[in-house]
Every structure is written in structure tokens, then in C-alpha cells.
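The values are calculated or read from the model by the stated rules, or taken from the named source; none is laboratory data. Remember, it's a predicted structure, so these values are computed and weren't measured experimentally. Methodologically, a virtual Cβ is constructed for each residue, glycine included, from the backbone with ideal geometry; neighbour enumeration extends over all protein chains shown. Note: areas computed on protein heavy atoms with side chains; ligands, DNA, RNA excluded. Shrake-Rupley method; radii C 1.70, N 1.55, O 1.52, S 1.80 Å.
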Amino acid sequence: MARFVRWAMQKWPKLYDRLNAYESRKWKKKIPWTPLKKPLKESKVALITSGGLILKHHPPFDLNNPKGDCSYRTIPSDASSDSTVVSHLFYDHGDVDIDTEVMFPLANLKRLEREGKIGEVAPRHFSFSGGIPDPTPLVNGTAPEVARHLMNDQVDLAILTPA
């Protein structure tokens, strides 16, 4: 399906844009924008990806579910890139398999903390598997749950890294 969508997007880009705009209107909500309340140098930062990154001991995302898998996996800040794998079907993750930092820049975030450019790296980060045709369970369940975790961790800024 992902290959077909990619092909259709390249063959008929205007049609794809119209369909995308139509689908986006279903949610009828504005993007929740919250300005940063303190300087970046004082902010706690977390990563959130839809790239299907999991720790090797995590159960994989359910890639056979036709509705998609709206669950998430928690990636602790002390996780190394060699302790992770990708559990996702809908993008070419060859580059991520070689270097996780291209999608989930945790080591670079730690470097920014050491350099004093951000205040602190959050204790945990979150990974979802994209390719979810009906995101209703995500919007109504798992996304608010992750938002609560971020609030409990006193995260000031989340960097979203889509697949």
C-alpha cells in the first residue's frame, strides 16, 4: 500500500494534495501551538518519533493490523543506538538501520545538553509506528497518555521526528 501511495503521489501530485486536504478536514481542529515559555538553554527536551523505533527487547509494533498499531514504546535517555531496531513497514528505513541518529537524534540531543544549548534531555522519549489509517484511538487514547507522561517529566519542548 505504501508503495502505491508513493507512486500515486509522484504521478498525480495535485490529486494527492487535494485528497490529503480533504482527509485533513475530517479532524476539524486547529494545530495546538504552545510557545516555549523559557529559553531553550533552560528547557527540558524530549523526542517523539513515528518511525517505529523500539528497543530490541520490546515487543514489535503490530505490523499486520489493517487499522495500524496506535500503541507506543518508551525509549529511555540512556538507550544506545545499538540497543534499538525499527519496527515499521511504511518507509525505507535503510538509513535508520545504519544510523538511528538520522531519525532519532538522541546522541545529538545529549551533545546539545553538554554544550549548554538546551537545559536538559528528558528521561524518556516516545516512539510510535506510523501508517495508521484511522488515528482515532491514537488521538483519543495513546497520544493524551504520552502527553501526560511528558507533563509528569516536566518536558518543555518535544521534537517530533516523523518517518
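Restricting the range 144-163 to residues that are small (Gly, Ala, Ser) and under 11 Å from the mean Cα position of the chain (by Cα) leaves a set whose member that is modelled with the lowest pLDDT is Ala163. Which ones in the range 36-51 are in a strand (DSSP E or B) and under 17 Å from the mean Cα position of the chain (by Cα)? Val45, Ala46, Leu47, Ile48, Thr49, Gly51, listed by residue number. Of the residues making up the range 141-163, those that are assigned to a loop (DSSP other than H, G, I, E, B) and closer than 18 Å to His88 by Cβ are Pro162, Ala163.
Give the range 53-86 a look and list any residue that's small (Gly, Ala, Ser) and closer than 21 Å to Glu101 by Cβ, or say none.
Initial filter on the range 53-86 (small (Gly, Ala, Ser)): 68, 71, 77, 79-81, 83.
Ser77, Ala79, Ser80, Ser81, Ser83 - these are the residues of the range 53-86 that are small (Gly, Ala, Ser) and closer than 21 Å to Glu101 by Cβ.
With respect to (1) in contact with a strand residue (DSSP E or B) (Cβ under 8 Å, 6 or more places away or on another chain); (2) modelled with pLDDT under 85; (3) open to solvent by 80 Å² or more (accessible area, probe 1.4 Å); (4) of a type outside the set (Val, Ile, Thr), the lone exception for Leu63 is condition (3). Please tell me if Ser80 is exposed (fewer than 13 other Cβ atoms within 10 Å of the Cβ) and polar (S, T, N, Q). Judged against the criteria, Ser80 is a match.
What strands (runs of 3 or more DSSP E), lying completely within the range 72-140, carry at least 2 residues that are without any contact (Cβ under 8 Å) to a residue 60 or more places away in the chain?
In the range 72-140, the matching strands (runs of 3 or more DSSP E) lie at 72-76, 84-86.
Within the group Leu89, Leu40, which residue is over 17 Å from Ser129 (Cβ atoms) and open to solvent by 30 Å² or more (accessible area, probe 1.4 Å)? Only one candidate passes the filter, namely Leu40.
Only one entry of Val121, Val102, Val146, Val96 meets the criterion of being β-branched (Val, Ile, Thr) and surrounded by fewer than 17 Cβ atoms within 10 Å (Cβ to Cβ), and that entry is Val102.
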